[in-house]
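K.L.:
Here it is, the structure in full.
The values are calculated or read from the model by the stated rules, or taken from the named source; none is laboratory data. Quick caveat, the model's predicted, so the values are computed rather than measured. Ideal geometry is used to build each Cβ from the backbone, glycine not excepted, and the neighbour counts take in all protein chains shown. These accessible areas exclude ligands, DNA and RNA; they are computed on the full protein's heavy atoms, side chains included. Shrake-Rupley method; radii C 1.70, N 1.55, O 1.52, S 1.80 Å.
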Amino acid sequence: MAKTPTMSDEQALAARVVAAMYARDRAAQSFGIEVLETGVGFSRVAFTVRDEMMNAHETAHGGYIFALADTAFAYACNSRNQSCVALQCTISFAAPARTGMRLVATANERALGGRTGTYDIEVTDEDGAVLAFFRGTSYRVSATII
């Protein structure tokens, strides 16, 4: 008889999946993104805004903030070891980020059904002030991560 996975089995799988993804994620590594926490349908990642990430307004370029949120989204939606890709993503910026700020993106699964999932990601500063709201829709493909 097959063993029913327990929450700790699922959490351990999520951690292994995210570790494998991060090992191959050269973009996240080049941005200095760190994985802080993972779980089933959940992830938290962070980076520190660097000088070369500034735009002409002397605030962090929105593309970097999007990349941070997208990384959290990717790790959350792939956490069950079922390969998912982004089907659609949107972001709304609430406040600027500046050089030296440590930004944290927290992804939470909101809905999962069929081949799609919906995830909300908040990007905050270290004090918890929200800088951006990101929503991603994932699409499950026929592959696994590990």
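K.L.:
Can you pull out the residues in the stretch 73-89 that are in contact (Cβ under 8 Å) with a residue 60 or more places away in the chain and either among the hydrophobic types (A, V, I, L, M, F, W, C) or at positive phi (or both)? Spell out the reasoning first.
P.N.:
Here is the first cut: in the stretch 73-89, the residues in contact (Cβ under 8 Å) with a residue 60 or more places away in the chain are 73, 77-83.
Listed by number, the residues that qualify are F73, C77, N81.
K.L.:
Could you grab me the full set of residues in the stretch 35-69 that are open to solvent by 40 Å² or more (accessible area, probe 1.4 Å), in contact with a strand residue (DSSP E or B) (Cβ under 6 Å, 6 or more places away or on another chain) and part of a loop (DSSP other than H, G, I, E, B)?
P.N.:
none
K.L.:
Give me the residue from the stretch 102-128 that is open to solvent by 50 Å² or more (accessible area, probe 1.4 Å) and assigned to a loop (DSSP other than H, G, I, E, B) and, out of that set, farthest from F42 (Cα to Cα).
P.N.:
Here the answer is D127.
K.L.:
Filter the stretch 93-129 down to the residues that are among the acidic types (D, E), in contact with a Ser or Thr (Cβ under 8 Å, 6 or more places away or on another chain) and closer than 21 Å to G62 by Cα and list them by number. Don't jump to the end; show me each part of the working.
P.N.:
Step one: list which residues in the stretch 93-129 are among the acidic types (D, E), which gives 109, 120, 122, 125-127.
This time we only want the ones that are in contact with a Ser or Thr (Cβ under 8 Å, 6 or more places away or on another chain), so: 109, 122.
Once the filter is applied, which keeps residues that are among the acidic types (D, E), in contact with a Ser or Thr (Cβ under 8 Å, 6 or more places away or on another chain) and closer than 21 Å to G62 by Cα, the stretch 93-129 yields only E122.
K.L.:
Checking S79 against (1) open to solvent by 30 Å² or more (accessible area, probe 1.4 Å); (2) in a loop (DSSP other than H, G, I, E, B); (3) not β-branched (V, I, T), only one condition comes out false. Which one?
P.N.:
For S79, the exception is condition (1).
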